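Right, one structure below, let's go through it.
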Amino acid sequence: MAWWRRKKEPLERTSAEQKVSLPKGLWSKCDACGEITYTDELVANLRVCPVCAHHHPMPTRERIAAMVDPETWEELDLEIRSGDPLGFHDKAPYRDRVAKAIRTAGPGDAFASGVGEIDGVAASVGFFVFEFMGGSMGSVVGEKVTRVFERAIDRNVPAVIFSASGGARMQEGILSLMQMAKTVAARSRLRDAGLPYISVCLHPTTGGVAASFAMLGDIILAEPKALVGFAGPRVIQQTIGQELPTGFQRAEFLLEHGMVDRIVGRLELREHLGALLRMLTGAPARAASEVADEALPEAAQAPAQAPAETSAASPAEP
Ligand SMILES: [Zn+2]
């Protein structure tokens, strides 16, 4: 028996997890570097970590506001609804899953389509809504993607699609797989009409979306470190029984191997898209005063190259 005994109760131990716990919502901790930032500041910085530039997931509504010029966005096709052709039922009926997703993520299924201006250039634009059943592509998403391309043809404007998807929506079976062919056919009609299409691959762009129109942009951009590929790395590794190279399927790896044209950070993306769209369509460069108002030096330089690039990028050429 010990000759000395503590009379008071020992202090309650705090686990490492408790030590860093913060009031929910007010502060955000960076997944990459651990830096703690005031959430409002992080949101104002488009959810890009101010210390390490890690791109955090971004709600689609915030993304639309950041990418499309204020007051120009008009969302369309909100009336389209998912059917339940297979009467699909796993842990929950498909209809219930859709109803729940509508309550939490909004009415437009996993895709927001519409028209607006990107840095002053009118475009037919679409955004995957990853919050809605993992951005999965069923018949509604396929129809909306198709309409983005068709609307671009009707209005004689370029098309821009921001993809973030887990792939086809298995609850709609073959009908969701069919959307790959349907969207690619619409994309071909856009090409035949001589109009440009820019695909922006966000994290993650996988499955049937990566295997169809997301990889068919005239220009394919990706956000830093975005995972872009058909099957996930774990599935591939198990299938081929080999170690995969470091960074496999990440945007940087894909850039190195020619699958994407450029990696553009979220903070520069809108101006970058504007400059590319002006080059591809021959739209007039923005007035220097407009650009100066927004204090964006990159955007001010890019349009100066537009006339020279326009003929080379003429959509009439094959
Ligand atoms: Zn960070």
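The table below gives the values:
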quantity: Derived scalar couplings ³J(HN,Hα) [the stretch 261-267; Karplus, 6.51 cos²θ - 1.76 cosθ + 1.60; whole Hz; x for Gly, Pro]; calculated: 8, 6, 9, 10, x, 4, 6
quantity: Ranked list, fewest to most other Cβ atoms within 10 Å of each Cβ, for 119, 40; calculated: 40, 119
quantity: Computed lengthening from residue 72 to residue 243, 0.36 nm per intervening residue step minus Cα-Cα distance; calculated: 56.8 nm
quantity: Cβ-Cβ FRET estimate between residue 252 and residue 29, R0 fixed at 25 Å, reported to 0.05; calculated: 0.55
quantity: Order of 271, 117 - criterion: other Cβ atoms within 10 Å of each residue's Cβ, fewest first; calculated: 117, 271
quantity: Cβ-Cβ FRET estimate between residue 103 and residue 7, R0 fixed at 51 Å, reported to 0.05; calculated: 0.35
quantity: Ranked 180, 279, criterion: other C-beta atoms within 10 Å, fewest first; calculated: 180, 279
quantity: Nonlocal amide H pairs with residue 35, under 5 Å, H built at 1.01 Å; calculated: 30
quantity: Long-range HN-HN contacts of residue 76 with modeled amide H, under 5 Å; calculated: 113, 114, 115
quantity: Per-residue ³J(HN,Hα) for the stretch 34-40, Karplus 6.51 cos²θ - 1.76 cosθ + 1.60, θ = phi - 60°, Hz, x for Gly and Pro; calculated: x, 4, 9, 10, 4, 4, 4
quantity: Residue 137 long-range amide H proximity, modeled H, under 5 Å; calculated: 167, 168, 169
quantity: Residues of the stretch 206-237 with amide N under 17 Å of the 7 Å Cα→Cβ point at residue 52; calculated: 224-227
quantity: Hits among lysines - C-alpha to C-alpha of residue 8 under 25 Å, sequence gap 8 or more where chains match; calculated: 19
quantity: Vicinal HN-Hα couplings computed from phi for the stretch 165-175 (Karplus, 6.51 cos²θ - 1.76 cosθ + 1.60; Hz; Gly/Pro x); calculated: 8, x, x, 5, 8, 4, 5, 9, x, 4, 5
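Where a number appears in this text, it was derived from the coordinates with a stated rule and is not lab data. Just so we're clear, the structure is a prediction, and the values are computed from it rather than from any experiment. Ideal geometry is used to build each Cβ from the backbone, glycine not excepted, and the neighbour counts take in all protein chains shown.
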